[in-house]
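Here is the structure we will look at.
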Amino acid sequence: MTGTLYGVGVGPGDPELLTLKAVRILQSVPVVAYPATPQGSAQARDIAAAWLEGKREIPITMPCMLDRGPVNAGYDAAAIRIAEELDAGRDVAILCEGDPLFYGSFSYLLHRLGERFPCVVIPGINSVNAAAAAAALPLMTGEQRLTVIPATAGDDALRQALLNSDSVAILKPGRHRPRLLELLRETGRAEDTLYIEQASRPAQQIIRRFADIPATPGPYFALFLVIRAGSSD
Ligand SMILES: C[S@@+](CC[C@H](N)C(=O)[O-])C[C@H]1O[C@@H](n2cnc3c(N)ncnc32)[C@H](O)[C@@H]1O
């Protein structure tokens, strides 16, 4: 009997936003794996720390680079290490910040291991929902549409999203923040824009005035919400 692979969403940062099911699975598995930076920081691990005592831990160290080659090699190596545990009959939970299937690195491991081992995914609260909750703003109502797009998608795709969708969530702003501010102005969406850093965490910051958003590169754990006021019916 092999072990089961769990993809566990640990939510956007506040440990109280783990689901009851995520906690139950974390209590039951002997092994956890999680993405970590080469410097050793691991957001998903920090969020779930209260439930990890006594577990065998496998950090999945990812180089911070745009080149897919070394990143894929990192996932290949992690998949081999995790498969050893599963082959030995031990269940493994892969911790994922937010939701595992929402721009989550778990998708890359699911691709490598999902056909060989039984797999169960526990959804988590994603960053877009956490940011809207932090701002206490409806993301969309009635017939409105939401587009979720990463800042890396390129100017044309971002422009189309801003022109064609009522609401737009732009993830991974980071170094693209100045360019995004220009696109928001150009498409007439500046007044609809909110910028949220570290939603649900102690360092949470919400900037509601467009003019107050710094036109400089920003942090990774941030996003833009562009929201057209909905009907109140
Ligand atoms: C690789 S994606 C992972 C998304 C995650 N799986 C989710 O469900 O939200 C990373 C991006 O998510 C966004 N993000 C994640 N957590 C966040 C938070 N607490 N506050 C603001 N943005 C966050 C940022 O845009 C960040 O660049």
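His111 to Glu191: FRET efficiency via 1/(1 + (r/R0)^6), r the Cβ-Cβ distance, R0 30 Å, to the nearest 0.05?
The calculated FRET efficiency here is 0.15.
The GluC sites (Glu not before Pro) of the range 3-67 that DSSP puts in a loop, and whose beta carbon has at most 16 other beta carbons within 10 Å, are Glu53. In this calculation the C-beta distance from Glu84 to Gln27 is compared with R0 = 30 Å, giving a FRET efficiency of 0.85. With the convex hull constructed from alpha-carbon coordinates only, the chain shows a mean projected area of 13.8 nm² over all directions.
Just subtract the alpha-carbon distance of Ala50 and Ala229 from 0.36 nm times their residue separation and send over the number in nm, one decimal.
Length gained, Ala50 through Ala229: 60.5 nm.
In the range 5-122, the C-alpha radius of gyration followed by the widest Cα-Cα span (Dmax) gives 13.1, 37 angstrom. Counting 0.36 nm for each residue step from Arg159 to Asp212 and taking away their Cα separation leaves a gain of 16.9 nm. Give me the percent of Cα-Cα pairs in the range 127-227 that sit more than 16 Å apart, rounded to a whole number. Distances greater than 16 Å cover 50 percent of the Cα pairs.
Among the trypsin sites (Lys or Arg not before Pro) within the range 140-205, those in coil by DSSP and having at most 14 neighbouring Cβ atoms inside 10 Å are Arg145.
For the chain, the share of accessible area belonging to carbon and sulfur comes to 53 percent (1.4 Å probe, ligands and nucleic acids excluded). When only alpha carbons are used to place a centre, the range 95-116 and the range 34-61 end up 15 Å from one another.
The values are calculated or read from the model by the stated rules, or taken from the named source; none is laboratory data. Everything numeric here is computed off the predicted structure, so don't read it as measured data. In this analysis, Cβ positions are derived from the backbone assuming ideal geometry, glycine residues included, and neighbour counts consider all displayed protein chains. Please note that ligands, DNA and RNA were not included when accessible areas were found on the heavy atoms of the full protein model with its side chains. Shrake-Rupley method; radii C 1.70, N 1.55, O 1.52, S 1.80 Å.
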